[in-house]
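Okay, structure first, notes after.
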Amino acid sequence: MDTDELRSDSDLMAAAEAVLFAAGDPIAVDVLAKILELSVAETFLLLEQLQRKYQRDVQTGLMLRIIDSKAFLTAKPKLKEIVSRLYRPQNRPALSQASYETLAAIAYNQPCTRAQVEEIRGVNSDGIISRLLERNLIQEVGTLDLPGKPAIFTVTDHFLIEFGLKSAQDLPAADFVMYKTLDALDKQFQYQKYEVED
């Protein structure tokens, strides 16, 4: 920030809010810092102030989340059902046990290939991996330099958002990967969201 140019915290918060709104998707904090002409540390402090503002304001339906050093605006959890009506024609059924198993295998072992997922699960997972890709819960991040060039998969930011995690390192420790771990995490997160909001 230029020393000649004095900007108030409220002006900076308004600018950050406008950029986050315009971006729509999560934006890296360092990118936001460059846009606002602030240091990364100053930008994190500004975002924390903006988060507190949204938490205090009971008349707004928005909240600010920061996941893996990316910030974004989203609807408050208690409004999830209402917001989902906008997308109702596109609603998909809940994840199946096999989908949770596959998602857990990828989340806990990422980056990993289809063959590694199938080794963990003991069955073919092609169809499930395709559905998880369609739902933007996993992503292909490259290929191995092996015959057939097998694809490498990781979980997405959307996965982290859906399961209430800041990073994949926040996954609960698991001795043995089971779908129930992610299913339980999802249920716990849903419970906590509503408990905090009520």
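Residues of region 153-172 being within 9 Å of the chain's Cα centre (by Cα) and in a helix (DSSP H, G or I), which ones?
ASP157, HIS158, PHE159, LEU160, ILE161, GLU162
Take the conditions surrounded by fewer than 17 Cβ atoms within 10 Å (Cβ to Cβ), modelled with pLDDT of 85 or more, out of contact with any helix residue (DSSP H, G or I) (no Cβ under 8 Å at 6 or more places or on another chain) and not basic (Lys, Arg) and apply them to ALA94. Does it pass?
no
Output the residues belonging to region 46-83 that are in a helix (DSSP H, G or I), of a type outside the set (D, E, K, R) and loosely packed, with under 14 Cβ neighbours inside 10 Å.
GLN55, ILE82, VAL83, listed by residue number.
For region 34-70, give me the residue count where each residue is over 18 Å from SER10 (Cβ atoms) and acidic (Asp, Glu).
Residues meeting the conditions: 1.
Six or more apart or on different chains, Cβ under 7 Å: which pairs go from a residue in region 121-135 that's assigned by TED's automatic domain parsing to the domain that holds ASN109 and assigned to a helix (DSSP H, G or I) to one that's surrounded by fewer than 22 Cβ atoms within 10 Å (Cβ to Cβ) and of a type outside the set (D, E, K, R)? Could you list them?
Once the first residue is assigned by TED's automatic domain parsing to the domain that holds ASN109 and assigned to a helix (DSSP H, G or I) and sits in region 121-135, its partners that are surrounded by fewer than 22 Cβ atoms within 10 Å (Cβ to Cβ) and of a type outside the set (D, E, K, R) give ILE128/ALA98.
Identify, from the list GLU81, GLU42, the residue that is outside the structural domain of THR156 (by TED's automatic domain parsing), more than 26 Å from ALA173 (Cα to Cα) and either hydroxyl-bearing (Ser, Thr, Tyr) or at pLDDT 90 or above (or both).
Answer to the selection: GLU42.
Take ILE27 and decide whether it is at pLDDT 90 or above, in the same structural domain as LEU133 (by TED's automatic domain parsing) and in contact with a Phe, Trp or Tyr (Cβ under 8 Å, 6 or more places away or on another chain).
Values: at pLDDT 90 or above: yes; in the same structural domain as LEU133 (by TED's automatic domain parsing): no; in contact with a Phe, Trp or Tyr (Cβ under 8 Å, 6 or more places away or on another chain): yes.
In short, no.
The values are calculated or read from the model by the stated rules, or taken from the named source; none is laboratory data. Given the structure is predicted, the values throughout are model-derived calculations rather than measurements. Backbone-built Cβ (ideal geometry, glycine too); neighbour counts: all protein chains shown.
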